[in-house]
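First up is the structure itself, then whatever we jot down about it.
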Amino acid sequence: MDPPPGLNVDVKGQVCKLTKSLYGLKQASRQWFDKLYTFLVSSGYVQSKSDHSLFVKKTPKEFIALLVYVDDIVLTGNSMKEINLIKTLLDKQFQIKDLGELKYFLGFEVARSKRGIHLCQRKYALDILEETGMLGSKPSSTPYLSNNNSLYKTEDYMDNPSDYRRLIGKLFYLTNTIPYLCFTVNLLSQFMQEPTKHHYQALQHILRYVKSSPSEGLFFASNSRTQIKGFSGSDWATCHNTRRSTTG
């Protein structure tokens, strides 16, 4: 840490007293990440170009992934020897606390079994339902309204559109483990500038679908392959109101 400009500390043995937490400093997060980055790179890890908080180390037989969020680190890989080694090095450098197997991280719940790993956002989903007063609502079997003509009505604008925008953001985060919501949430996000009460009712319909199965998520079977497959589709002029096409 460097003293602020204009402060001269020439006398040996003198120090500056910080009157606030290190985390409260403007440059604290940047300095911390730079130090961690330097350490990980010197340990053989490479920073991902698509996600700067992800570091990986690959050898012909081993693969280790390390994900950083502030001062929390998620570590995984196919070599316990390498995992234990990096944990030992991290502890010597920063004095870390090992919390064991990952169970909860940034709203994601992780459950392990012999069959595989289940990833969901149950608590996060229930918190949204409670915040919006939808815990006691009637569940819905689908997230999409069968008739979306009301979405294009220019009437009954919301008095406080920030509530709509905030809920859209929360639902977008929920699509990480419930991808079926992507199309509907993306459609409703197109009306964030001037949302109407009809748009908010459509969001409530999505919440009713979430209410039907808040533990729904992604399951990674232990015997499944790790190859990524991609699919695409198109629906030409599917919107009866705008006559626009949909691809994805």
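On average, how much area does the Cα convex hull of the chain cover when viewed from any direction, in nm²? Let's see the in-between values first.
On the way: hull surface 84.0 nm².
Answer in nm², one decimal: 21.0.
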Given charges of +1 on the Cβ of Lys and Arg and -1 on the Cβ of Asp and Glu, with all other atoms neutral, how large is the dipole of the stretch 119-247 about its Cα centre, in debye to the nearest 20?
420
Specify which residue in the list A65, L89, V41 is farthest towards the positive end of the charge dipole of the stretch 22-100, using unit charges on the beta carbon of Lys, Arg (+1) and Asp, Glu (-1), about the Cα centre.
V41
With 10 Å bins from 0: P(r) over the stretch 110-248, alpha-carbon pairs, percent
11, 36, 33, 16, 4, 0
Sort R208, R30 so the one with the fewest other Cβ atoms within 10 Å of its own Cβ comes first.
R30, R208
Hydrodynamic radius by Kirkwood, which averages 1/r over all alpha carbon pairs of the stretch 42-111, in angstrom:
13.0
Could you give me the ³J(HN,Hα) list for the stretch 94-107, computed from phi with Karplus coefficients 6.51, -1.76, 1.60 and θ = phi - 60°, whole Hz, x at Gly and Pro?
10, 6, 8, 10, 7, 9, x, 5, 5, 10, 8, 7, 6, x
Among G233, H199, I168, pick out the residue whose Cα is farthest towards the positive end of the charge dipole of the chain, where Lys and Arg carry +1 and Asp and Glu carry -1 on C-beta, about the Cα centre.
G233
Here FRET efficiency (C-beta to C-beta, Y69 to S162, R₀ 30 Å, nearest 0.05) is 0.70
Net dipole in debye of the chain [+1 Lys, Arg Cβ; -1 Asp, Glu Cβ; about Cα centre; nearest 20]:
680
³J(HN,Hα) computed for each position of the stretch 49-66 - Karplus, 6.51 cos²θ - 1.76 cosθ + 1.60, integer Hz, glycine/proline x
7, 8, 9, 5, 8, 10, 10, 10, 9, 10, 10, x, 10, 10, 9, 10, 10, 10
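Past 19 Å, Cα to Cα, is the threshold; run K61/K92; K58/K229; K123/K211; K35/K58; K26/K97 against it and keep the listed order. Kindly include the intermediate steps, with their values, before the conclusion.
Details: K61/K92 26 Å; K58/K229 22 Å; K123/K211 12 Å; K35/K58 22 Å; K26/K97 25 Å.
Distance filter (> 19 Å) returns K61/K92; K58/K229; K35/K58; K26/K97.
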For the stretch 73-95 versus the stretch 108-129, the gap between their alpha-carbon centres in whole angstrom
25
Cα convex hull of the stretch 49-88: mean projected area in nm², to one decimal?
3.1
Degrees between helix 28-42 axis and first principal axis of the chain (Cα, 0 to 90, nearest 10)
70
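Read-outs: derived from the displayed coordinates by stated rules, not from any lab. Every value quoted in this text rests on a predicted model; they were computed, and no experiment measured them. For neighbour counting, all protein chains shown are included, and Cβ atoms are generated from backbone atoms with ideal geometry for every residue, glycine included.
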